[in-house]
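Novice: Have a look at the structure that comes next, please.
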Amino acid sequence: MRIDLHVHTTASDGTLTPSEVVAAAIDKRVHAIAITDHDSVQGVAEALAAATSHPEAPIVIPGVELSSVHGDSDVHILGYFVDHTDERFLEHLRDLRDARTRRAETIVAALAAAGYTIEMRHVLTLSAGAAVGRSHVARVLVEQGVADDVTDAFRRLLGRGKPFYVPKDVRTPEEAVRVVRAAGGVPVLAHPGVTGGDHLIDTLVSVGLAGIEAYHAEHDTEERARYASLAESLGLIVTGGTDFHDPAAPTGDLATVDVPNGVLEALYAVAGRTLPSRTPS
């Protein structure tokens with residue numbers, strides 16, 4: 001059974017629309033996907049609708065990936081089964097997207113002052129109304145020949161510690177966990193091996209964290225085993241996925257991370273939901 005519980009679309013910084021992601025999942029015979037755009041649920045309805053129109057479509061789980069900051073570290077909280085129509089939740093997401101836009105404006109202004117030919121309108125055109133991120137700035141730099149690709153733009157210019165890095169103006173990880181819970185969702189710590197959030201896990205569990213993303217494209221074999229073991233010791237579930245953004249991205253194509261059997265069932269169980277009946281591919 002192939003599943004991918006960490007998928008981005010054009011509703012944030014992915015390159016495929018929600019419908020195209022569903023189509024790709026059908027083509028690859030993926031059993032289930034979770035739509036987890038950055039600070040946005042704008043792609044959830046489209047993905048759900050696309051899945052209902054095809055008999056071999058994957059199970060689509062509504063989700064989100066919330067930005068938060070602890071000290072100098074970015075911490076991301078995945079929220080599964082959030083109510084993507086809840087007005088209080090949507091207001092929180094609007095605040096986060098506004099903060100993303102302000103951050104992008106600051107980055108663009110700094111780049112322009114340093115002599116780079118870049119304007120915010122180009123970034124907004126590329127984002128096409130989605131949640132704006134550094135990747136959209138990076139893509140403009142790639143289009144202009146300033147960077148070889150998005151990875152190069154982050155490595156030299158936009159990444160943490162680089163000349164044009166600007167920290168996020170967002171809330172704490174504890175607040176992000178509570179927001180997911182308030183929206184009826186299951187909060188999971190995203191890719192701790194990438195962001196270094198190990199020291200926060202006990203605190204986050206105390207405010208409602210339900211799981212750890214152990215099986216992530218950028219976790220090596222040792223990290224996957226360690227986080228899975230840690231989750232078990234704390235009574236948490238594990239999740240996993242590619243962190244899909246683009247079929248050609250370095251982290252891999254859709255559903256290319258081996259997520260063990262039982263992960264999907266455990267997620268549904270902790271959410272208090274019944275796993276839909278579907279013949280595994």
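Novice: Given the residues S67, S12, S40, which is the only one that is over 16 Å from G241 (Cα atoms), part of a loop (DSSP other than H, G, I, E, B) and either in the same structural domain as V137 (by TED's automatic domain parsing) or out of contact with any strand residue (DSSP E or B) (no Cβ under 6 Å at 6 or more places or on another chain) (or both)?
Specialist: One residue alone meets the criteria, S40.
Novice: For the structure I just gave you, tell me whether D98 is among the charged types (D, E, K, R) and within 22 Å of T9 (Cβ to Cβ).
Specialist: Details: among the charged types (D, E, K, R): yes; within 22 Å of T9 (Cβ to Cβ): yes.
When the stated conditions are applied, D98 passes them.
Novice: Filtering the range 253-265 down to residues that are more than 14 Å from A25 (Cβ to Cβ) and either of a type outside the set (A, V, I, L, M) or not assigned by TED's automatic domain parsing to the domain that holds T10 (or both), which residue is modelled with the lowest pLDDT?
Specialist: N261
Novice: Looking at A131, A176, which is the one that is touching a residue at least 60 places away in the same chain (Cβ under 8 Å), of a type in the set (G, A, S), crowded, with 16+ Cβ neighbours inside 10 Å and in a helix (DSSP H, G or I)? First the steps, then the outcome.
Specialist: Working: A131 fails: in a helix (DSSP H, G or I).
When all the criteria are applied, what remains is A176.
Novice: If you don't mind, there's one more thing I want to ask. State whether one or more residues within the range 181-193 are over 16 Å from the mean Cα position of the chain (by Cα), outside any loop (DSSP other than H, G, I, E, B) and not basic (K, R). Outline the logic, then answer.
Specialist: Residues of the range 181-193 that are over 16 Å from the mean Cα position of the chain (by Cα), as a first pass: 181-184.
Okay, now just the ones that are also outside any loop (DSSP other than H, G, I, E, B), so 181-182.
Still in the running and not basic (K, R): 182.
Looking through the range 181-193, at least one residue is over 16 Å from the mean Cα position of the chain (by Cα), outside any loop (DSSP other than H, G, I, E, B) and not basic (K, R).
Novice: Here's a check for you: in the range 88-106, which residue that is surrounded by 15 or more Cβ atoms within 10 Å (Cβ to Cβ) and of a type in the set (D, E, K, R) is modelled with the highest pLDDT?
Specialist: E105
Novice: Looking for whichever is free of Cβ contacts under 8 Å to residues at least 40 places away in the same chain and within 26 Å of A266 (Cβ to Cβ) here; the options are T9, T101, T36, T117. Which one fits?
Specialist: Result of the check over T9, T101, T36, T117: T9.
The values are calculated or read from the model by the stated rules, or taken from the named source; none is laboratory data. Note that the coordinates shown come from a computational prediction; the quantities given were computed from them, not determined experimentally. Backbone-built Cβ (ideal geometry, glycine too); neighbour counts: all protein chains shown.
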